[in-house]
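The values are calculated or read from the model by the stated rules, or taken from the named source; none is laboratory data. In this text, all values refer to a predicted model and were calculated from it rather than measured experimentally. We place every Cβ from the backbone using ideal geometry, glycine too, and count neighbours over all the protein chains shown.
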Amino acid sequence: MKFKSILAVLILIMSSTLSVSGQGLKRSGFDIETIKKEKAAFLIKELELTDAEAKAFIPLESEFVSKKFEVNREARYETRALQEKPNKTEEDYERITRLNLESEKREAELQIEYYKKFADVLSAQKIEKYRGVDLKFKEHMLQKLGEHRKSRPHRHRQGK
């Protein structure tokens, strides 16, 4: 359950980060390129990757994360739309459940595909360690987001 909560929040962070223009990213304190670089450095350190492993693995892992994001895009959008809908029906919930389950299935298929690719560049031990390190990075980003929000006073947008 904790993993699902962390994953949901991280997806929300990434989706809101990606949906904002480049200038807005810098103002909000979350630049996707900076996050990618931070994650690469984190993975290299935590997995103790050699230069050759890092050169092969980091772009592959980044591609994997991007594809996972795309696989879940429609489910995230529709789930958000349902939350805002005033009169939700049983059919709405059934549709969202099907959409989310299909998204999870496609994500699992993608994970299998990419873990096979990871095996071409990393040992099985490092691949298994990656699973925990990836979660550790997500927790790190959530903590960073919490600190960022606490340090900034809440501002209301004017003119909107």
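Here are some conditions: (1) at pLDDT below 95; (2) touching a helix residue (DSSP H, G or I) at 6+ places or on another chain (Cβ under 8 Å). GLY159 meets all but one. Which one does it not meet?
Condition not satisfied by GLY159: (2).
Filter segment 78-101 down to residues that are surrounded by 13 or more Cβ atoms within 10 Å (Cβ to Cβ) and without any contact (Cβ under 8 Å) to a residue 24 or more places away in the chain, then give me how many there are. Working first, answer last.
Filtering segment 78-101 down to residues surrounded by 13 or more Cβ atoms within 10 Å (Cβ to Cβ) leaves 78-79, 82, 92, 95-96, 99-100.
With without any contact (Cβ under 8 Å) to a residue 24 or more places away in the chain added as a condition, the list becomes 78-79, 82, 92, 95-96.
Total meeting the criteria: 6.
Part of a helix (DSSP H, G or I) and at pLDDT 95 or above: is that true of PHE3 in this structure?
no
Take ASP120 and decide whether it is under 27 Å from LYS55 (Cβ atoms), assigned to a loop (DSSP other than H, G, I, E, B) and not aromatic (Phe, Trp, Tyr). Working first, answer last.
On the way: under 27 Å from LYS55 (Cβ atoms): yes; assigned to a loop (DSSP other than H, G, I, E, B): yes; not aromatic (Phe, Trp, Tyr): yes.
Judged against the criteria, ASP120 is a match.
Take PHE57 and tell me if it is at pLDDT below 90 and either loosely packed, with under 11 Cβ neighbours inside 10 Å or of a type in the set (Phe, Trp, Tyr) (or both).
On the way: at pLDDT below 90: no; either loosely packed, with under 11 Cβ neighbours inside 10 Å or of a type in the set (Phe, Trp, Tyr) (or both): yes.
Answer is no for this residue.
Mind telling me which of the residues ARG95, ARG80 ends up being at pLDDT below 95, out of contact with any helix residue (DSSP H, G or I) (no Cβ under 7 Å at 6 or more places or on another chain) and either assigned to a loop (DSSP other than H, G, I, E, B) or closer than 25 Å to ILE32 by Cβ (or both)?
Sole residue among the options that is at pLDDT below 95, out of contact with any helix residue (DSSP H, G or I) (no Cβ under 7 Å at 6 or more places or on another chain) and either assigned to a loop (DSSP other than H, G, I, E, B) or closer than 25 Å to ILE32 by Cβ (or both): ARG80.
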